[in-house]
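What follows is one structure encoded as structure tokens, with my remarks underneath.
The values are calculated or read from the model by the stated rules, or taken from the named source; none is laboratory data. Quick caveat, the model's predicted, so the values are computed rather than measured. Quick reminder, even Gly has a Cβ in these numbers, built from the backbone with ideal geometry, and neighbours come from all protein chains shown.
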Amino acid sequence: MDLALGVDIGGTKLAAAVVDADGAVVASAQAPTGGTEAAELFATLGTVVDEVRATAGDPPLLVCGVGCGGPMTRGGETVSPLNIPAWRAFPLRARLAARTGLAVTVDNDAKALALGEGWVGAARSQPAFLAMVVSTGVGAGLVLDGRLLDGADGNAGHIGHVIVEPDGRRCTCGAQGCLEAEASGTAIAAVTGRPAAEAGPEVVARTGRLVGRAVASVANLLDLRLACVAGSVALGYGAPFFAAAQAELDSRARLEFSAGARIVPGGLGADGPLVGAAAVGWRAIGHHIGVA
């Protein structure tokens with residue numbers, strides 16, 4: 001059985017999985033994203049990787065794919081996730097390659113999710129779609145004409161920094177009113193004083209509306225008709241969130257080609273980031289995953 005290592009690096013947790021060539025998770029492990037020093041955080045990641053390899057029986061692995069918050073330099077040679085202050089220009093790819101002994105490919109975590117959703121998720125066989133994460137932060141990956149968009153340095157898809165409230169909260173990027181500053185789990189907790197999971201109906205509805213507003217802008221700009229939305233906030237809020245997001249999308253995507261665009265839950269659930277990370281690795285070695 002051909003196997004890959006998938007690694008997901010987020011502001012809340014570090015996770016790893018062994019994933020087969022059909023997108024099935026064989027084993028997984030995770031730990032909180034803790035530590036204020038770069039070396040300490042990387043040591044935690046190494047422990048998670050060791051644990052999942054041991055749980056899977058230490059099988060031979062063909063490749064390692066990584067999904068990590070951005071921004072980053074091309075190829076993930078260095079990463080500077082906004083939600084992980086300990087890593088600024090951290091040489092993740094080289095360090096992880098040395099730690100695992102595998103060829104490592106790093107990409108943005110939301111772009112990784114797009115690969116996973118297009119491979120075995122809610123966007124399977126779709127040539128154009130947006131895959132979006134609404135969690136600790138907010139990000140997205142864009143597929144057009146069957147190809148994942150990279151951008152000049154691999155950072156295409158930062159929907160979290162689309163402005164949805166021009167006079168809104170200050171974002172960590174320095175701008176004001178970004179979707180991430182208004183609808184991420186971090187922002188919701190800061191505004192309400194409670195974990196995002198404990199938000200009331202009004203907050204859930206507002207979060208959905210803002211996500212729908214941002215998706216409408218992207219649908220109008222890029223001729224898209226499908227958005228797959230995952231992440232702990234979106235999936236945790238469930239049907240009321242998606243209903244509010246769809247209503248807002250319907251009211252703002254009114255062009256002939258964008259009217260009727262849909263927002264649906266990601267099809268991979270909690271495994272989405274790990275399947276997506278593995279897809280980054282599979283894609284790098286030429287394994288067919290349906291998205292170029």
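Values computed for the structure shown
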{"read-out": "Residue count, segment 111-148 (criterion: surrounded by fewer than 19 Cβ atoms within 10 Å (Cβ to Cβ) and either without any contact (Cβ under 8 Å) to a residue 24 or more places away in the chain or part of a strand (DSSP E or B) (or both))", "value": "4"}
{"read-out": "Wholly within segment 202-292, helices (runs of 4 or more DSSP H) carrying at least 3 residues that are closer than 16 Å to Val143 by Cα and modelled with pLDDT of 95 or more", "value": "272-284"}
{"read-out": "Filter result for Thr172 (among the hydroxyl-bearing types (Ser, Thr, Tyr) and not in a helix (DSSP H, G or I))", "value": "yes"}
{"read-out": "Residue list for segment 134-169, restricted to those being at pLDDT 95 or above, over 17 Å from the mean Cα position of the chain (by Cα) and among the aliphatic types (A, V, I, L, M)", "value": "Leu144, Ile163, Val164"}
{"read-out": "Scope segment 71-103; condition among the small types (Gly, Ala, Ser), assigned to a loop (DSSP other than H, G, I, E, B) and under 18 Å from Ala284 (Cβ atoms); matching residues", "value": "Gly101, Ala103"}
{"read-out": "Members of segment 151-168 found to be surrounded by 14 or more Cβ atoms within 10 Å (Cβ to Cβ) and either among the acidic types (Asp, Glu) or touching a Cys at 6+ places or on another chain (Cβ under 8 Å) (or both), listed by number", "value": "Gly160, His161, Val162, Ile163, Val164, Glu165, Gly168"}
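This table checks each residue for (1) in contact (Cβ under 8 Å) with a residue 12 or more places away in the chain; (2) buried (at least 17 other Cβ atoms within 10 Å of the Cβ); (3) of a type outside the set (Asp, Glu); (4) touching a helix residue (DSSP H, G or I) at 6+ places or on another chain (Cβ under 6 Å).
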{"position": "Gly46", "(1), (2), (3), (4)": "yes, no, yes, yes"}
{"position": "Arg53", "(1), (2), (3), (4)": "yes, yes, yes, no"}
{"position": "Pro60", "(1), (2), (3), (4)": "yes, no, yes, no"}
{"position": "Pro81", "(1), (2), (3), (4)": "yes, yes, yes, no"}
